[in-house]
Amino acid sequence: MAQGLDVSTQTTTEVYLNSFLSVDHQEVSASKSFRAFLDKLEKKHLSITEQNDFTQYLFTKTHQYYLKKYEDHASFSALFNKGTYNCLTGTILYSLILNHFQIPHEVIETNYHIFILAETIQGKILIEATDPLHGFVDTLSDIEKRINTYKKNTLSATNSKFNYYQFNTDLFNSVSIKELHGLLFYNKAVDSYNHQNLQESVQYLFKAHALYSSSRIDEFSQIILLALQQSALESTIKIECIKTVLSIKNELLPVVASLRGN
């Protein structure tokens, strides 16, 4: 958890919130406003008897209150500072709220997307954080259609300024709170790479790997390794960065081997 956090005065949800915020190394005072938001939801919770209906209510209110503008490379802290979000940060926020209200759910990661499958008393719900109009899906046929679309792992490259990487493996994994932290660091590694800051990218990738041994980290390691070899970084820095990336790839060998075995 975040250093210096007095857990005795924080709810479990707020502890998780602050640990996610700590990834960005920014001073963001979000706990008080987030607690006030949860208090409002709790009051409404008392008057909504169906868990399914309440989940839809919190989906709508969370979008209205926090998820103002989609940006591909939004950080988690930006969600509270500016109201900008992406599929990962929006999904993390929804997972925190669902945890708070003890609504069972899984966070599912695919190659280019992440979403939530919740289980209410009334049945399954799919939550898509980036779709404010149709992101709450509670019929089985529609849920199956969405999941089948996600499983295709089709990349929609909307920004022509970037070259997009097509993954060689197909991901469809349930990810834990710890692994969501790893994905935040992974996104930072990719963002640093896109801004040609290779040393910083390696540092973030190392942190991501420590939290989540994923095939996506292995594939990105290969990309950044090639970039390092061709870079104009000072020799000692380049060597240390390459050593770090090679150590990550070596530790990921069992993960990659198991995926190939499947």
Keeping the other protein chains in place, figure out the carbon and sulfur percent of the accessible area of the stretch 1-134, with a 1.4 Å probe.
49
With respect to the cross-link table entries 82/178; 32/151; 188/249; 68/178; 124/152, which display a Cα-Cα separation exceeding 29 Å?
32/151
If I histogram all Cα-Cα distances within the chain using bins 10 Å wide from 0, what percent of pairs lands in each bin?
6, 28, 34, 22, 8, 1, 0
The chain, helix-only ellipticity at 222 nm - DSSP H runs n ≥ 4, -39,500 (n - 2.57), divided by all residues, nearest 500:
-18000 deg cm²/dmol
Run the 1.4 Å probe and let me know the accessible area of residue 188, rounded to the nearest 10 Å².
40
With a probe of 1.4 Å, find how much accessible area the chain has per residue, and write the answer as a whole number in Å².
53
Rounded to whole Hz, the Karplus (6.51, -1.76, 1.60) HN-Hα couplings of the stretch 190-196, x for glycine and proline:
5, 5, 5, 4, 4, 9, 6
Whole-Hz ³J(HN,Hα) for each residue in the stretch 125-132, computed from phi via Karplus 6.51 cos²θ - 1.76 cosθ + 1.60 with θ = phi - 60°, x for glycine and proline: what do you get?
9, 9, 10, 10, 5, 8, 10, x
With +1 at each Lys and Arg Cβ and -1 at each Asp and Glu Cβ, the charge dipole magnitude of the chain around its Cα centre, to the nearest 20 debye, comes out at 260
What's the angle, to the nearest 10 degrees (0 to 90), between helix 140-151's Cα axis and the longest principal axis of the chain?
10
For 186, 57, the accessible-area ranking with a 1.4 Å probe, largest leading, is 57, 186
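The values are calculated or read from the model by the stated rules, or taken from the named source; none is laboratory data. Keep in mind that what you see is a predicted model, and the values were worked out from it rather than measured. Glycine gets a Cβ as well: all are built from the backbone with ideal geometry, and neighbour counts include every protein chain shown. We work out accessible area using only protein heavy atoms, side chains counted, and drop any ligands, DNA or RNA first. Shrake-Rupley method; radii C 1.70, N 1.55, O 1.52, S 1.80 Å.
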